[in-house]
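Worksheet for the structure shown next.
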């Protein structure tokens, strides 16, 4: 009886925590005007979309990982089929409040984003990565683990640099239930596709002992952060505005050197 009351109250407090942490800032503005149509036409199944989140939890993740990107989602449906439209572009992502779920690409139309594309994957492998994510829709974060959520309440937790990434999984028995990029990393591992370099490459490049330890830790504990897809030598950075052909001569420059949209 006592255990049931504890679980119920913990879930209730956990739901309150998760709603508070996932609440987005109303005054957020992207750095540049996002060309959402170009993004829809460019994104492909298997691409990873990195997002600069607006939620409270995003500021903590950006601080702990020392990166602009606080969230990652995987494209599982695109506009490559005949008669497809922007509404067909679908992602699978993991959030604290909703767990693993599908979302329309339009959700991030007004966010700062970066598109990362795995190089050399066959169409079948891309589909396999997408199916791995689809099969995990419904996976929920255990909201009874209130301590696991409480670590995100401080925007800048006083944690030494060498322990910051590891704090992402502090108190969590299964990091993939809390960290979006960790589940995506496992999806790529399912087709034996690398994300971070081998440790021996770090040694050969003269990386510091701390950097080598960090790479080892990430590879063996699946504790990936969104920025790892950005830093990975095996993912291309795709810029939608350039994919359809960019002509700087079409830009209308305002007098005095100020820019204006074409």
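The values are calculated or read from the model by the stated rules, or taken from the named source; none is laboratory data. Just so it is clear, the model here is predicted, and its values are computed rather than measured. All Cβ positions, glycine included, derive from the backbone under ideal geometry; neighbour counts span all protein chains shown.
Can you tell me which condition residue 124 does not meet? The list is (1) surrounded by fewer than 21 Cβ atoms within 10 Å (Cβ to Cβ); (2) in contact (Cβ under 8 Å) with a residue 24 or more places away in the chain, and all the others hold.
The single condition residue 124 does not satisfy is (2).
What's the number of the only condition in (1) surrounded by fewer than 16 Cβ atoms within 10 Å (Cβ to Cβ); (2) modelled with pLDDT of 75 or more; (3) over 19 Å from residue 224 (Cβ atoms) that residue 66 fails to meet?
Failed condition: (3).
How many residues are at pLDDT below 90 and more than 13 Å from the chain's Cα centre (by Cα) when one looks only at the range 110-127?
Here the count works out to 1.
If I filter the range 87-118 down to residues being crowded, with 17+ Cβ neighbours inside 10 Å and out of contact with any strand residue (DSSP E or B) (no Cβ under 7 Å at 6 or more places or on another chain), which single residue comes out as farthest from residue 232 (Cα to Cα)? Talk me through it step by step, then tell me what you get.
First pass over the range 87-118, keeping only residues crowded, with 17+ Cβ neighbours inside 10 Å: 89-97, 99-100, 105, 108, 111-118.
Applying the additional criterion that residues be out of contact with any strand residue (DSSP E or B) (no Cβ under 7 Å at 6 or more places or on another chain) yields 95-97, 99, 112.
Working: 95: 23, 96: 25, 97: 28, 99: 26, 112: 19 Å.
Ranking the qualifying residues of the range 87-118, first place goes to 97.
Here are some conditions: (1) under 20 Å from residue 53 (Cβ atoms); (2) surrounded by 11 or more Cβ atoms within 10 Å (Cβ to Cβ); (3) touching a helix residue (DSSP H, G or I) at 6+ places or on another chain (Cβ under 6 Å); (4) at pLDDT 65 or above. Residue 243 meets all but one. Which one does it not meet?
It fails just one condition, (1).
Can we say residue 225 is modelled with pLDDT of 80 or more, in contact with a strand residue (DSSP E or B) (Cβ under 9 Å, 6 or more places away or on another chain) and surrounded by 11 or more Cβ atoms within 10 Å (Cβ to Cβ)?
yes
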